[in-house]
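Take a look at the structure below.
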Amino acid sequence: MFTMVSQQISEDNSQSGISEPCSKKTKSNICTVCLDCFNQENIEIFAEGFKSLDINTYNYPNFSFNVSFPKCLSIRTHSMFLHLKDQFPKFNFGNLYDNKDGLNDLFILEPHKIFRAAAMGTFSKTLDKQYHPKSHLSFLMSLTYENDNKEVEKMRHIIKTKLRKRETKISRNNISECLKDTEDKVFKQTFLLPPQTPDKSVILEKIDIVVDPVYLGGRYLKFKRNVGQTPWVIDGVSVAEHNVQEILFEAISNVLGFSKSNMTFTTSGREDIDVRMLGQGRPFYIKIDNPRNRQFSSEQLQEIERQVIKSKMAAVIKLQPVFASNLKKIKCGEASKKKTYRALCKTTAPNIKDVISIINKQNGELKISQITVMRVLHRRTLMVREKAIYKMKATEILGHDLFELEVITQAGTYVKEFVHGDFERTYPSITSLVGYPTDLVALDCIDIDLVWPEENNSNNEV
């Protein structure tokens with residue numbers, strides 16, 4: 001009926017030449033509970049905030065987002081809930097914080113889910129990306145309300161009483177936890193019912209871009225001595241001119257364009273600056289924060305390996321993206337790992353063949369005790385460490401007063417001290433076994449018993 005009358009009036013006005021006045025848009029009041037956080041017009045305004053970000057530099061096909069609400073939303077919701085209970089006493093409202101039916105606590109505990117459902121389409125259109133809950137590219141939106149701190153200040157006394165603390169932070173978690181157990185009478189004495197109608201709605205304070213780190217794993221070799229694993233600076237002076245970390249970071253930055261300041265280098269143990277790392281190399285991974293891209297071609301990874309080996313000081317093999325869930329393998333089980341070393345040794349024994357014979361007669365596992373070695377005593381706790389020598393074999397270097405010692409040890413064994421004894425702080429040692437002072441001329445690590453990295457997906461994306 002209303003439609004027919006409106007149509008007739010419109011036709012009469014048209015025939016009489018009377019122009020129809022423009023319909024005035026009704027201004028709605030700001031929601032007293034959510035402060036218009038879920039209002040579609042506000043959501044479109046929030047979406048405009050993405051345009052001020054450098055989104056196009058992030059090569060990601062999808063995105064996710066979360067939102068931080070004003071703290072007073074929980075209080076306003078609780079206030080409206082009690083008001084409705086008073087207005088409709090015969091209606092069974094249940095417990096606002098009881099989730100037995102899966103509905104009552106939806107707004108109090110999970111307003112972000114409502115916001116996500118309301119804003120997902122608008123944000124996807126603005127960003128020209130699909131929403132995916134597990135996307136590596138995420139946005140954290142902070143919504144603020146000008147009277148937020150003023151409104152939640154009244155919660156301080158309630159929180160102090162509930163938590164029994166002198167100094168109490170008024171946080172979202174504290175507010176939510178305390179409201180669950182606050183008596184209706186106490187709340188009504190503290191806050192207005194229903195909540196006061198706000199003059200202004202929420203505004204977008206900021207949008208933070210949160211990108212999951214990407215990890216590159218592999219094994220490195222170090223060909224030269226006096227090359228550190230990482231930068232080593234004492235009193236502002238570098239001990240070594242070159243180090244493996246810088247060589248790797250430089251190559252990755254050149255090829256993939258990542259800033260070296262966003263990279264973190266983690267390895268399975270470390271060798272001394274004067275020890276080479278040979279064989280299959282030492283396992284490592286590099287964490288790259290805020291990556292603009294996480295898809296790497298095989299050609300790019302190979303180019304990184306080529307640039308590293310051009311340094312003539314180091315090499316990288318098996319370089320590939322690795323999953324964060326696998327990173328613990330680098331550090332897990334440190335005490336049980338086996339490492340193989342090759343040492344060039346010199347002894348004062350008159351007959352080197354006798355020395356070799358004594359060493360090679362040591363069958364089976366040899367237990368040794370190492371008091372914190374002298375050279376690291378300034379930075380390690382003074383204690384006795386029990387370690388295992390699983391196997392060792394000595395070979396004479398013909399034409400020289402030297403012999404080669406290959407030894408398989410438990411990770412964490414100080415091999416240099418196992419050879420010379422460290423003033424009898426390591427026992428038994430090669431020196432004590434052969435009965436003559438024995439020391440190292442050079443030392444190489446030639447194997448680390450760890451499967452790393454594991455085979456990854458073929459598209460080089462994690």
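The values are calculated or read from the model by the stated rules, or taken from the named source; none is laboratory data. Predicted, not measured: the structure shown is a model, and the values here were computed from it. Here the Cβ is made from the backbone with ideal geometry for all residues, glycine too, and neighbour counts use every protein chain on show. Areas reflect the complete protein model, heavy atoms only, side chains present, ligands, DNA and RNA absent. Shrake-Rupley method; radii C 1.70, N 1.55, O 1.52, S 1.80 Å.
Structural remarks
- Peptides 128-141, 429-442 ordered by packing proxy, namely the average of other Cβ atoms within 10 Å per residue, highest first: 429-442, 128-141.
- Whole-number accessible area per residue in Å² for the range 136-259, which is evaluated in the context of all protein chains at 1.4 Å: 58
- DSSP-assigned coil residues among GluC sites (Glu not before Pro) in the range 194-254, each with at most 16 further Cβ atoms within 10 Å: Glu241
- Extension gain, Glu365-Val210: 0.36 nm per intervening residue step, less the Cα-Cα distance, totals 50.8 nm.
- Inter-part distance where the range 78-99 and the range 147-206 are each reduced to a Cα centre, Å: 18
- With θ taken as phi - 60° and the Karplus curve 6.51 cos²θ - 1.76 cosθ + 1.60 applied, the whole-hertz 3J(HN,Hα) list for the range 363-372 is 8, x, 6, 10, 8, 10, 10, 10, 6, 2 Hz, x standing for glycine and proline.
- Among the chymotrypsin sites (Phe, Trp or Tyr not before Pro) in the range 378-462, those placed in a DSSP loop whose Cβ has at most 13 other Cβ atoms within 10 Å are Phe423.
- Pairs exceeding a 29 Å alpha-carbon distance, out of Lys318/Lys367; Lys150/Lys180; Lys224/Lys338: Lys318/Lys367.
- Between Ala118 and Thr266, the modelled labels are 3.9 nm apart [label points 7 Å from Cα along Cα→Cβ].
- From its DSSP helices (H runs of at least four residues, each -39,500 (n - 2.57)), the chain gives a residue-normalised ellipticity at 222 nm of -9000 deg cm²/dmol.
- Estimated FRET transfer efficiency (Lys51, Lys169; beta-carbon r; R0 30 Å; 0.05): 0.30
- In the context of the full set of protein chains, the range 355-462 has a per residue accessible area of 53 Å² (1.4 Å probe).
- Residue pairs, from the table Lys154/Lys188; Lys113/Lys134; Lys393/Lys416; Lys206/Lys287, whose Cα atoms sit over 19 Å apart: Lys206/Lys287
- Cα centroid separation, the range 325-398 to the range 53-76 (Å): 54
- Accessible surface of the range 220-271, 1.4 Å probe, proportion on carbon and sulfur as whole %: 47
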